[in-house]
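Student: Can you keep this structure in mind? I'll have questions shortly.
The values are calculated or read from the model by the stated rules, or taken from the named source; none is laboratory data. As the structure is a prediction and not an experimental result, all values here were calculated from the model. Positions of Cβ are backbone-derived with ideal geometry, glycine not excepted, and every protein chain shown enters the neighbour counts. These area figures cover heavy atoms from the full protein model, side chains too; ligands, DNA and RNA do not enter into them. Shrake-Rupley method; radii C 1.70, N 1.55, O 1.52, S 1.80 Å.
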Amino acid sequence: MVAQAKTIGGIIAAICASMIAVHMLNPLLGGSLYALGIEPRAVEGADGILFAPWLHGDFGHLASNLTAFA
């Protein structure tokens, strides 16, 4: 039971770390990752459903989402 909780905790920590990494990488790429977000009313923007959870407008937005996710 404890090992399972550690595994789940590790997965959650890894996802949170990946969200932080993407947020810090985006400015270095000139904000180009925002193009992977959801584009309303466009089939081409549907892939953004997969990528949008990793895209955040600022650190406050990221922090509030990470708190709720964790």
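Student: Rounded to the nearest whole Å², what accessible area per residue is found for the chain with the 1.4 Å probe?
Tutor: Here the residues of the chain average 72 Å² of exposed surface.
Student: Taking all protein chains in place and a 1.4 Å probe, what share, in percent, of the accessible surface of the chain do carbon and sulfur account for?
Tutor: Carbon with sulfur: 73 percent of the solvent-accessible area.
Student: Could you give the distance between the Cα centres of region 33-47 and region 8-29, to the whole Å?
Tutor: Rounded to whole Å, the Cα centres lie 20 Å apart.
Student: If you don't mind, another one. Taking the 0 to 90 degree range and rounding to the nearest ten, how far is the long axis of helix 59-69 tilted relative to the main principal axis of the chain, both from C-alpha atoms?
Tutor: Tilt of helix 59-69: around 50 degrees.
Student: Sorted by packing (mean other beta-carbon atoms within 10 Å per residue), highest first, where do 1-14, 37-50 land?
Tutor: So the order, starting with the most tightly packed, is 37-50, 1-14.
Student: Sum -39500 (n - 2.57) across every DSSP H segment of at least 4 residues in the chain, then divide by the residue count to get the 222 nm mean residue ellipticity, nearest 500.
Tutor: About -19500 deg cm²/dmol.
Student: Using the alpha carbon gyration tensor of the chain, what are the three equivalent-ellipsoid semi-axes (square root of 5 times each eigenvalue), largest first, in whole Å?
Tutor: Here the semi-axes work out to 26, 15, 10 Å.
Student: Moving on. If I take every Cα pair under 8 Å that is 6 or more residues apart in the chain, average their sequence separation and divide by the length, what percent do I get for the relative contact order?
Tutor: 31 percent
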